[in-house]
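Worksheet: one structure, shown below.
The values are calculated or read from the model by the stated rules, or taken from the named source; none is laboratory data. These numbers come from a predicted model, not from an experiment. All Cβ positions, glycine included, derive from the backbone under ideal geometry; neighbour counts span all protein chains shown.
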């Protein structure tokens with residue numbers, strides 16, 4: 001028969017006939033056949049076989065429980081103290097990190113503002129640089145065009161100067177030929193004719209050069 | 001007691017998994033000082049800016065280029081040349097041969113008068129001397145161009161505005177156009193009359209030839225660097241250029 005089949009709701013009626021044995025679990029156990037086990041734990045046997053037989057003392061917590069509880073209290077106190085210290089430490093660290101975070105955020109905001117300002121300046125300078133480059137290209141182009149115009153004008157001036165000299169020589173040659181014709185008796189007819197051909201050819205060449213020049217002006 | 005035994009390893013496990021946070025390290029001393037942050041931007045290199053090597057917008061090659069007008073016995077000729085030193089200009093022989101007077105014009109219209117000239121008979125080369133000092137000088141290269149080198153031809157095509165035309169070096173070929181005896185360089189660049197005497201520059205900006213002819217098919221021919229160096233170094237090869245207009 002299991003001890004669980006016999007309720008222990010009437011311990012006071014049987015206490016005089018059956019000794020009560022307190023198991024490790026702390027609950028009393030009744031036994032009708034076997035003698036009670038010999039306990040080597042003096043406090044328990046003393047309590048169970050006490051001549052005073054003070055009832056239900058078997059249900060009070062044993063003294064060892066109190067020492068355990070005190071141990072737990074100490075442990076809990078130590079743990080609580082540790083946790084409190086830890087919490088305080090974490091709070092201080094958190095404050096430090098937050099302070100530094102705020103400082104860094106302030107610097108970042110300031111740097112962002114500087115970067116934005118610098119970017120604006122860079123864009124402005126790039127626009128000025130582009131404008132300056134365009135102006136420079138335009139200026140160099142104008143210099144080149146002006147130099148070209150000047151050189152070509154000097155080419156034409158040199159050519160026209162030579163052409164004018166040639167016309168002058170043509171005119172002088174024609175005047176000389178006319179003078180020779182006026183004094184034809186002094187010269188042979190063949191020499192006068194040869195001079196006339198030479199003068200005519202020379203003046204024709206000069207005139208052709210002038211016509212070529214005019215044609216080149218029209219084509220250009 | 002068993003709970004305590006369970007609690008201890010649990011605490012140890014928790015401690016092992018986490019490290020107590022430390023105080024933030026001090027900010028570095030090199031942290032940017034917002035008050036002194038420089039607002040001067042660092043300029044970025046621009047290819048278009050880098051291409052301009054001088055302050056007035058013209059390149060060194062353009063500075064050294066000259067437009068040459070020569071009055072020969074029976075015509076005017078226009079060609080190109082480049083400054084060799086303060087008093088010497090290099091051009092083609094056929095530009096100044098039999099010239100009675102030679103006029104040289106710089107990129108900005110400044111004018112010089114040639115006082116004398118000499119020619120080569122082995123290549124289409126000539127030197128013109130000026131009294132007034134020239135302001136620039138083109139560096140003569142030390143190495144011949146290699147195939148596919150991009151070469152610049154700087155001169156005055158058709159006697160017009162100064163131009164720089166670029167094309168790859170092709171190869172060395174026999175001279176079948178001019179009257180020279182030396183081989184010449186073939187360059188794939190379109191040139192015009194008036195480009196004769198233009199300096200041919202390698203990618204390093206050094207003269208590696210003197211343009212003297214074109215086939216009108218997008219290919220041009222240049223006197224080689226070797227011929228130029230021979231002509232410049234040996235004065236016995238510099239023949240007088242006396243105009244005989246008979």
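Results, tabulated for the structure shown:
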item	result
Subset of the stretch A:108-120 that is within 30 Å of residue B:57 (Cα to Cα) and surrounded by fewer than 14 Cβ atoms within 10 Å (Cβ to Cβ) - its residue that is farthest from the other protein chains (Cβ to nearest Cβ)	A:120
Enumeration of residues in the stretch B:67-84 that are within 11 Å of another protein chain (Cβ to nearest Cβ) and touching a helix residue (DSSP H, G or I) at 6+ places or on another chain (Cβ under 8 Å)	B:67, B:68, B:69, B:70, B:71, B:76, B:77, B:78
Enumeration of residues in the stretch B:150-178 that are within 12 Å of the chain's Cα centre (by Cα) and surrounded by fewer than 19 Cβ atoms within 10 Å (Cβ to Cβ)	B:150, B:164, B:166
Failed item, numbered, when residue A:128 is tested on (1) surrounded by 12 or more Cβ atoms within 10 Å (Cβ to Cβ); (2) within 14 Å of chain B (Cβ to nearest Cβ); (3) free of Cβ contacts under 8 Å to residues at least 40 places away in the same chain	(1)
Single residue of B:191, B:123, B:199, B:138 found to be buried (at least 16 other Cβ atoms within 10 Å of the Cβ) and either over 21 Å from the mean Cα position of the chain (by Cα) or within 14 Å of another protein chain (Cβ to nearest Cβ) (or both)	B:123
Qualifying residue in the stretch A:166-173 (condition: free of Cβ contacts under 8 Å to residues at least 24 places away in the same chain, assigned to a helix (DSSP H, G or I) and more than 30 Å from residue A:209 (Cβ to Cβ))	no
Single residue of A:133, A:123 found to be surrounded by 12 or more Cβ atoms within 10 Å (Cβ to Cβ), outside the structural domain of residue A:199 (by TED's automatic domain parsing) and more than 25 Å from residue B:80 (Cβ to Cβ)	A:133
Any hit, the stretch B:195-202, residues being closer than 12 Å to residue B:141 by Cβ, touching a helix residue (DSSP H, G or I) at 6+ places or on another chain (Cβ under 6 Å) and not in a loop (DSSP other than H, G, I, E, B)	yes
Test result for residue A:198, closer than 26 Å to residue B:100 by Cβ and out of contact with any strand residue (DSSP E or B) (no Cβ under 6 Å at 6 or more places or on another chain)	yes
Unique match (being more than 30 Å from residue B:155 (Cβ to Cβ) and at pLDDT 95 or above) among A:109, A:84	A:84
Strands (runs of 3 or more DSSP E) contained in the stretch B:74-146 and holding at least 2 residues more than 28 Å from residue B:203 (Cβ to Cβ)	B:76-85, B:101-105, B:111-119, B:126-130
